Amino acid sequence: MNAQFRLNLPKFDEFSFESSPTIKPVISARRCLQAGSAQLQKGQRREASDCHLLWGSGMNRRTFLKFTTAAATGVLAAPYVHAQSKKFAGITLRVNGWGGRWDAAIMKGVASPLEEKYGLKVQMAVGTQVAQFVKLIAEKQNPSFDLFIGDSSVMVELIEAGVIEEIKASDVPNIKRILPGFHEFGDHGVPFCLSAIGPAYNPKFIKQPLTSYSDMARPDLKSRVVLYSPATNTSSLYLLGWAEENGGSISNMEPAFKILEAAKPNIVALVQSQTPLMQTYQSEEAYAAIVWSGAAYELNSKGIPMVFNVPPRGIYAATTYCNLVKGMKYPEAAHAFAEQLLSDQGMLAIPEASRYDVTTDVKLPEELRKDLLFTSPERVALKKNVDWKKWTEGRSARIERFNKIIRI
């Protein structure tokens, strides 16, 4: 099957993307040394056949011993000295991961180059962002993470909890390459990835395009919509979309809950993470969803058609940050990780794997540029601003109201 990933943008052309990365000399010297010593012990000064060039050319025993010992030691020790010369040999950084293509991209673009260059190892622990955050806070005095990856909403809570350090450009020079608008929290965190979340659908079953967040309430989608639960601040940004598309705001979410009441008959599943959402869609149990753009690309690359639309009034997105956990033992190694993450090699790894957007001035190959969303000032202007602190503070109230409506 030849699938297409269509990224539809208001006031821009529609884009379609086809889915179609010296032992032998030492041994001789040792044998020569043994043979020569045996002959000397017998009071003989005979040339051993294997040692003619050294022993038979007038070289005395002391000179010969010095020569062969130095040669053997030099050759045998060379690999050991080389390994020990790597700056971070013996150090392992523990980083939270989210599995799949995401973790594979970080290992390929960041971890592998660091191990090759510095001997630094990276260990990624897979889990959900919410569970990882709870774990970090619970282990505040003895954290099991050295670096913590989290999105914009989690950054608010990380800073308030006092569990992350600031990262300066003096320690990570590539920070200077970060584009304006991405450093939302001062010197806290290194922004390295941008993910957009919007309406998407299967064109095999839905002929009238879904062009807004509120379209999830359309009558023709009965029992065919899969949504994220309101538990995660970023994945539930569609609720803010429902509010703002219908006269509400982050301070007035009432219009969003009216849309939820209308959409309730359409919801076939509420999920906590991306994997079950993709599985529900892949099984064709659901035809429509609010998804991250990278998930839409991944599904299409597997031959499962999904059209991802950018609403005319703008799209919500979250920036992902790498943070240095307070109290970790190897800050210099952590800075090296951040520097590699912001390098061209590190920056391109995630969009190559999942088509999430970049945050630096890295030059994008054309095959990547055509698949990404925020690649020009005009497109960046489509990104909706979010007051993350206010959005995070309203989480409990949103969850309570959401659950009340769904359970009625």
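In a residue-by-residue description of the range 69-89, the property of being touching a helix residue (DSSP H, G or I) at 6+ places or on another chain (Cβ under 7 Å), surrounded by 18 or more Cβ atoms within 10 Å (Cβ to Cβ) and at pLDDT 95 or above applies to at least one position.
Name the residue, out of A295, A288, A338, A269, that is of a type outside the set (S, T, Y), in contact with a strand residue (DSSP E or B) (Cβ under 6 Å, 6 or more places away or on another chain), crowded, with 22+ Cβ neighbours inside 10 Å and not assigned by TED's automatic domain parsing to the domain that holds E165. Give the steps one after another, and end with the answer.
On the way: A295 fails: in contact with a strand residue (DSSP E or B) (Cβ under 6 Å, 6 or more places away or on another chain); A338 fails: not assigned by TED's automatic domain parsing to the domain that holds E165; A269 fails: crowded, with 22+ Cβ neighbours inside 10 Å.
None of the other options fit; the residue is A288.
Within the span defined as the range 134-142, every residue fails to be within 15 Å of the chain's Cα centre (by Cα) and part of a helix (DSSP H, G or I).
Can you tell me which residue in the range 163-187 is modelled with the lowest pLDDT, limited to those that are out of contact with any strand residue (DSSP E or B) (no Cβ under 8 Å at 6 or more places or on another chain) and not small (G, A, S)?
Of the range 163-187, the ones out of contact with any strand residue (DSSP E or B) (no Cβ under 8 Å at 6 or more places or on another chain) are 168-171, 173, 176, 180-181.
Right, trim to not small (G, A, S) and you get 168, 171, 173, 176, 180.
On the way: K168: 97, D171: 97, P173: 98, K176: 97, P180: 90.
Result: P180.
Is one or more of the residues making up the range 304-312 surrounded by 19 or more Cβ atoms within 10 Å (Cβ to Cβ), in contact with an Asp or Glu (Cβ under 8 Å, 6 or more places away or on another chain) and not in a helix (DSSP H, G or I)? Within the range 304-312, one or more residues are surrounded by 19 or more Cβ atoms within 10 Å (Cβ to Cβ), in contact with an Asp or Glu (Cβ under 8 Å, 6 or more places away or on another chain) and not in a helix (DSSP H, G or I).
Answer yes if at least one residue in the range 97-110 is assigned to a strand (DSSP E or B), in contact with a strand residue (DSSP E or B) (Cβ under 8 Å, 6 or more places away or on another chain) and farther than 18 Å from M347 by Cα, and no otherwise.
Applying the first criterion (assigned to a strand (DSSP E or B)) to the range 97-110 yields 97.
Among the residues that remain, those that are also in contact with a strand residue (DSSP E or B) (Cβ under 8 Å, 6 or more places away or on another chain) are: 97.
Now restrict to residues that are farther than 18 Å from M347 by Cα: none.
Within the range 97-110 (the criterion being assigned to a strand (DSSP E or B), in contact with a strand residue (DSSP E or B) (Cβ under 8 Å, 6 or more places away or on another chain) and farther than 18 Å from M347 by Cα), the answer is no, since none of the residues qualifies.
Can you find even one residue in the range 141-155 that is surrounded by fewer than 13 Cβ atoms within 10 Å (Cβ to Cβ), farther than 22 Å from I106 by Cβ and at pLDDT 95 or above? Before you say what the answer is, go through the steps one by one.
Within the range 141-155, the subset surrounded by fewer than 13 Cβ atoms within 10 Å (Cβ to Cβ) is 141-142.
Then drop every residue that is not farther than 22 Å from I106 by Cβ, which leaves 141-142.
When the remaining residues are screened for being at pLDDT 95 or above, the result is none.
Looking for residues that are surrounded by fewer than 13 Cβ atoms within 10 Å (Cβ to Cβ), farther than 22 Å from I106 by Cβ and at pLDDT 95 or above, one finds none in the range 141-155, hence no.
If I filter the range 220-228 for residues that are among the hydrophobic types (A, V, I, L, M, F, W, C) and within 20 Å of G394 (Cα to Cα), do I get at least one hit? Walk me through it before giving the result.
Here is the first cut: in the range 220-228, the residues among the hydrophobic types (A, V, I, L, M, F, W, C) are 221, 225-227.
Going one step further and asking which of them are within 20 Å of G394 (Cα to Cα), we end up with 227.
Within the range 220-228, one or more residues are among the hydrophobic types (A, V, I, L, M, F, W, C) and within 20 Å of G394 (Cα to Cα).
Only one of the numbered conditions (1) under 28 Å from K121 (Cα atoms); (2) surrounded by 23 or more Cβ atoms within 10 Å (Cβ to Cβ) is not met by V163, and that is (2). Applying the condition of being of a type in the set (K, R) and either closer than 17 Å to S235 by Cβ or not in a helix (DSSP H, G or I) (or both) to the range 364-400 and asking which residue is modelled with the lowest pLDDT yields K370. Of the candidates A397, A349, A353, A381, the single residue that is in the same structural domain as F185 (by TED's automatic domain parsing), more than 16 Å from the chain's Cα centre (by Cα) and either surrounded by fewer than 18 Cβ atoms within 10 Å (Cβ to Cβ) or among the hydrophobic types (A, V, I, L, M, F, W, C) (or both) is A381.
Which of the residues spanning the range 304-327 are under 20 Å from the mean Cα position of the chain (by Cα) and not aromatic (F, W, Y)?
The first filter runs over the range 304-327 and keeps only residues under 20 Å from the mean Cα position of the chain (by Cα), leaving 316-325.
If the condition is that a residue be under 20 Å from the mean Cα position of the chain (by Cα) and not aromatic (F, W, Y), then A317, A318, T319, T320, C322, N323, L324, V325 are the ones that fit.
The values are calculated or read from the model by the stated rules, or taken from the named source; none is laboratory data. Values in this document were obtained by computation on a predicted structure and should not be read as measured data. Glycine also receives a Cβ, built like all others from the backbone with ideal geometry; neighbour counts cover every protein chain displayed.
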